[in-house]
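Inspection log for the structure reproduced underneath, given as structure tokens.
Read-outs: derived from the displayed coordinates by stated rules, not from any lab. These figures come from a predicted structure and were not determined experimentally. Cβ placement follows ideal geometry from the backbone for every residue including glycine, while neighbour counts extend to all protein chains displayed.
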Amino acid sequence: MTVLSLRYGCSTDVGRLRSQNQDRLLARDGLFLVADGMGGQPAGEVASALAIAELASLAEPARELDVTDLIEAVQQANARLLDEGQRDPERYGLGTTLTGVIRLADGQWAILNVGDSRVYRFAGDRLEQLTTDHSAVQQLVDAGLLDPRAALHHPRRNVVTRSLGIQPPPVPDIELRRPEPGEQFLICSDGLTNELSDAEIAAVLAARVDPQEAAEELVAQAVAAGGRDNVSVIVVRLDLADTN
Ligand code: MN
């Protein structure tokens, strides 16, 4: 019988300018998430850590996940952040992005997104962004008011229009996919995509077969290219494996 084997790697770095790494990631079999915390220090770090801790409950071994579980987990994480902001005035307004890929009980993969971290698919030497940013510049691009290339340098490119930690609770984008052999998923914070072009990212994913090496190489290149933000990367590879 032939099944899909799953290999993955991850890496994160504070970068060259920030004093704290406010990104958090979670990479476990079937559950791959990146959160990029926002707000005054140390609130951003708290926000991303709380969100990831809440979503980690999805990894309980016996759990059979469906889309409803994901939506509930996102809303619980959102409530945790709101509570934290009420409890500690210094953390008021804390927030985080949350993006990732989660395997469901029916074998489909859910691509989940709130904010401007991203999921890409890489297959056949083609890099394709699967998530749509919840950001001010994306709204301008969608409205035809801004060229996508100009969005990379727009002064408001850091303004996120949907995040965790807000009222009313955010609705995550969720897209379902059947996994295909030979494809890779890249889950990353904007510290990667603001430093490296699609072509540079694709070149690393094509050259590095080992997902841990690919993740480390992507982070190293983003830091070398400027490292102006925290940078976090998860690489997931799906391959055919023979079992007997
Ligand atoms: Mn960031």
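Things to note:
- Cα lying deepest toward the dipole's positive end in the chain, options A224, N21, Y92, charges on Cβ: Y92
- Ellipticity estimate at 222 nm from DSSP helix runs (n ≥ 4, -39,500 (n - 2.57)) divided over the chain, nearest 500: -9000 deg cm²/dmol
- Sequence-separation-based contact order of segment 146-244, relative, with Cα cut under 8 Å and 6+ spacing, percent: 35 percent
- Around the Cα centre of segment 153-203, unit charges on the Cβ atoms of Lys, Arg, Asp and Glu (plus for the first two, minus for the last two) sum to a dipole of about 300 debye.
- Euclidean distance between Cα centres, segment 45-59 to segment 99-165, Å: 20 Å
- Taking the Cα centre of the chain as reference, the dipole from Cβ charges on Lys and Arg (+1) and Asp and Glu (-1) amounts to some 400 debye.
- Global form of the chain, assessed from the alpha-carbon gyration tensor, a/c cut-off 1.5: oblate
- Net charge of Cβ neighbours under 9 Å - reference R237; Lys, Arg +1; Asp, Glu -1: -2
- Taking all Cα pairs closer than 8 Å and separated by 6 or more residues, the relative contact order of the chain comes to 30 percent.
- The residue among G37, V204, Q108 whose Cα reaches farthest toward the positive pole of the charge dipole of the chain, with charges on the beta-carbon of Lys, Arg, Asp and Glu, is G37.
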